[in-house]
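K.L.:
My questions will all concern the structure given below.
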Amino acid sequence: MTACLCSLFIMHCRDETKLIQEIVTDIQKKLNRELSSSIDAERLFGMKSRVEDIESLLSFGSTGVLIVGIWGMGGIGKSTTADVVYHQNRSKFEGHCFSQNVREESKKHGVNHVRQAILGEVLEKKDMTIGPIGLLPDIKRMLQRKKVLIVLDDVNDPQHLKYLVGEDGLFGQGSRIIVTSRDRQVLRNACDEDKIYEVKILDEDDALRLFSLHAFEQDRPIEGYIGLSKTVVSCVKGIPLVLKVLGASLFRKTSVEYWESKVAQLRKNGGEDIKKCLEMCYHELDQTEKKIFLDIACFFGRCKRDLLQQTLDLEERSGIDRLADMCLIKIVQDKIWMHDVLLKLGKKIVLQENVDPRERSRLWQADDIYRVLTTQVTFPSDLIDCFSTFLFIAN
């Protein structure tokens with residue numbers, strides 16, 4: 001690397017600023033090549049073309065502030081796509097932030113909390129306090145001087161988006177904002193129609209490769225399961241989340257009869273219905289795994305692994321890794337993350353237990369908790385466990 005820099009210096013006797021820019025550009029190219037190869041290494045099938053299309057929409061060479069939307073159904077890969085684009089290009093900017101789960105975080109903590117976290121990270125002043133009304137002149141000036149890359153992931157409220165994006169001229173020239181949403185109208189309120197990228201289902205070949213990766217730990221079906229694998233993939237189309245979960249549920253299942261029964265179930269339940277496919281996989285869990293799945297969905301969602309483990313008996317804790325193996329949760333840097341489609345599924349399963357919240361195994365909505373506490377004297381044992389978990393999290 002040192003020899004390379006020396007060569008640049010000898011060959012180009014230009015002013016220092018020009019030389020630094022050439023070095024930075026050279027390093028960025030190398031990083032982008034490495035990241036491009038890592039896309040293949042991580043088996044993010046179909047990702048390369050998505051990233052290239054979105055980078056084209058972002059028009060990095062142009063001035064001005066540009067907003068690009070990424071739109072698609074739940075489980076289709078919007079957040080994963082935005083994450084790859086973000087990590088591949090953040091080095092081009094003076095400040096950057098990836099704000100995950102804007103919808104959920106706004107609901108839990110308020111949209112001002114989300115904005116404060118974003119601006120604090122962009123300005124590298126995470127302890128900074130920002131009021132809900134307007135930004136202080138000093139903060140505005142700092143933002144206007146910075147070229148930033150911001151990703152707002154999973155936005156469902158146009159007013160929240162308007163508040164987070166801020167007024168015209170808030171960010172420096174060349175800044176880029178990426179917004180992911182299931183609601184195209186939310187994106188239309190913030191960016192031009194031709195700047196909205198639709199994430200489509202995987203094509204048949206990429207879908208089969210992704211499914212095979214989780215079912216066989218290789219990117220092609222093993223001998224004797226090629227036809228069955230293609231049938232499963234054709235049932236669920238190219239939705240990445242379903243392909244991962246279904247593939248993981250069939251891992252090490254060597255009985256052809258079992259695979260055929262799974263295909264029959266998919267056809268009966270309507271393979272294109274993402275929730276039915278995922279619910280089918282939930283019912284294959286054992287009782288401990290179901291318990292942990294529902295606890296995460298109703299109470300935790302996204303939390304540190306240690307916090308969840310404190311609510312479980314020692315012999316139950318291995319169920320966390322089992323859920324990760326089944327692609328029902330992710331564990332990244334000792335933090336547990338569940339896709340919001342699966343969060344909704346878990347809550348739906350509990351709500352369907354009984355119309356009367358007093359007869360459900362878990363309560364997380366304040367109105368239901370108040371109703372139970374004020375109308376029932378003797379509580380079922382599973383509901384007592386539920387309250388214990390709820391109070392533990394609250395503390």
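K.L.:
State the number of residues belonging to the stretch 321-346 that are closer than 22 Å to D153 by Cα and part of a helix (DSSP H, G or I).
P.N.:
Residues flagged as closer than 22 Å to D153 by Cα and part of a helix (DSSP H, G or I) within the stretch 321-346 amount to 7.
K.L.:
Follow-up question, since we're still on this one. Among the residues of the stretch 49-74, write down those that are outside any loop (DSSP other than H, G, I, E, B) and open to solvent by 10 Å² or more (accessible area, probe 1.4 Å).
P.N.:
Scanning the stretch 49-74 gives S49, R50, E52, D53, E55, S56, L57, L66, I67, W71.
K.L.:
Taking I296 and the conditions (1) open to solvent by less than 30 Å² (accessible area, probe 1.4 Å); (2) touching a Lys or Arg at 6+ places or on another chain (Cβ under 8 Å), which numbered condition does it fall short on, given that it satisfies the others?
P.N.:
Looking at each condition in turn, I296 falls short on (2).
K.L.:
Please indicate, with yes or no, whether at least one residue in the stretch 316-327 is surrounded by 15 or more Cβ atoms within 10 Å (Cβ to Cβ), in contact (Cβ under 8 Å) with a residue 60 or more places away in the chain and touching a Ser or Thr at 6+ places or on another chain (Cβ under 7 Å).
P.N.:
yes
K.L.:
Mind telling me which of the residues V165, V68 ends up being β-branched (V, I, T) and touching a Cys at 6+ places or on another chain (Cβ under 9 Å)?
P.N.:
Exactly one of V165, V68 is β-branched (V, I, T) and touching a Cys at 6+ places or on another chain (Cβ under 9 Å), namely V68.
K.L.:
Among the listed residues I196, I130, I177, I222, identify the single one that is open to solvent by less than 80 Å² (accessible area, probe 1.4 Å), within 30 Å of K253 (Cα to Cα) and touching a helix residue (DSSP H, G or I) at 6+ places or on another chain (Cβ under 7 Å).
P.N.:
Just one listed residue meets the conditions, I222.
K.L.:
While we're on this one: Given R182, R252, R267, which one is at pLDDT 90 or above and open to solvent by 20 Å² or more (accessible area, probe 1.4 Å)?
P.N.:
R182
K.L.:
A follow-up question, please. Regarding the stretch 239-248, can at least one residue be identified that is of a type in the set (V, I, T), assigned to a helix (DSSP H, G or I) and either within 23 Å of S79 (Cβ to Cβ) or in contact with a Lys or Arg (Cβ under 8 Å, 6 or more places away or on another chain) (or both)?
P.N.:
Yes, some residue in the stretch 239-248 is of a type in the set (V, I, T), assigned to a helix (DSSP H, G or I) and either within 23 Å of S79 (Cβ to Cβ) or in contact with a Lys or Arg (Cβ under 8 Å, 6 or more places away or on another chain) (or both).
K.L.:
Right, next: Restricting to the stretch 75-120, name every residue that is assigned to a helix (DSSP H, G or I), open to solvent by less than 60 Å² (accessible area, probe 1.4 Å), of a type outside the set (D, E, K, R) and farther than 27 Å from K48 by Cβ.
P.N.:
Scanning the stretch 75-120 gives S106, V111, N112, V114, Q116, A117, I118, L119, G120.
K.L.:
Filter the stretch 106-129 down to the residues that are at pLDDT below 90 and under 19 Å from the mean Cα position of the chain (by Cα), then identify the one that is farthest from T63 (Cα to Cα).
P.N.:
Among those residues, the one meeting the criterion is K108.
K.L.:
Oh, and also: Restricting the search to the stretch 328-352, which residues are touching a residue at least 24 places away in the same chain (Cβ under 8 Å), more than 17 Å from the chain's Cα centre (by Cα) and more than 14 Å from F293 (Cβ to Cβ)?
P.N.:
Once the filter is applied, which keeps residues that are touching a residue at least 24 places away in the same chain (Cβ under 8 Å), more than 17 Å from the chain's Cα centre (by Cα) and more than 14 Å from F293 (Cβ to Cβ), the stretch 328-352 yields nothing.
K.L.:
Take the residues of the stretch 328-361 that are β-branched (V, I, T) and open to solvent by less than 30 Å² (accessible area, probe 1.4 Å): which is nearest to C303 (Cα to Cα)?
P.N.:
I336
K.L.:
Got a number for residues in the stretch 274-293 being open to solvent by 60 Å² or more (accessible area, probe 1.4 Å) and not in a helix (DSSP H, G or I)?
P.N.:
Selection size over the stretch 274-293: 3.
K.L.:
Between G224, G238, which is in contact (Cβ under 8 Å) with a residue 12 or more places away in the chain, within 30 Å of L266 (Cα to Cα) and more than 23 Å from the chain's Cα centre (by Cα)?
P.N.:
Going through G224, G238 in turn, just one is in contact (Cβ under 8 Å) with a residue 12 or more places away in the chain, within 30 Å of L266 (Cα to Cα) and more than 23 Å from the chain's Cα centre (by Cα): G224.
K.L.:
Would you check if V355 is modelled with pLDDT of 85 or more and either within 28 Å of the chain's Cα centre (by Cα) or part of a loop (DSSP other than H, G, I, E, B) (or both)?
P.N.:
Answer is yes for this residue.
The values are calculated or read from the model by the stated rules, or taken from the named source; none is laboratory data. What you see is a predicted model, and the numbers here were worked out from it, not measured in a lab. Note: ideal-geometry Cβ built from the backbone for every residue, glycine included; neighbour counts use all protein chains shown. Areas reflect the complete protein model, heavy atoms only, side chains present, ligands, DNA and RNA absent. Shrake-Rupley method; radii C 1.70, N 1.55, O 1.52, S 1.80 Å.
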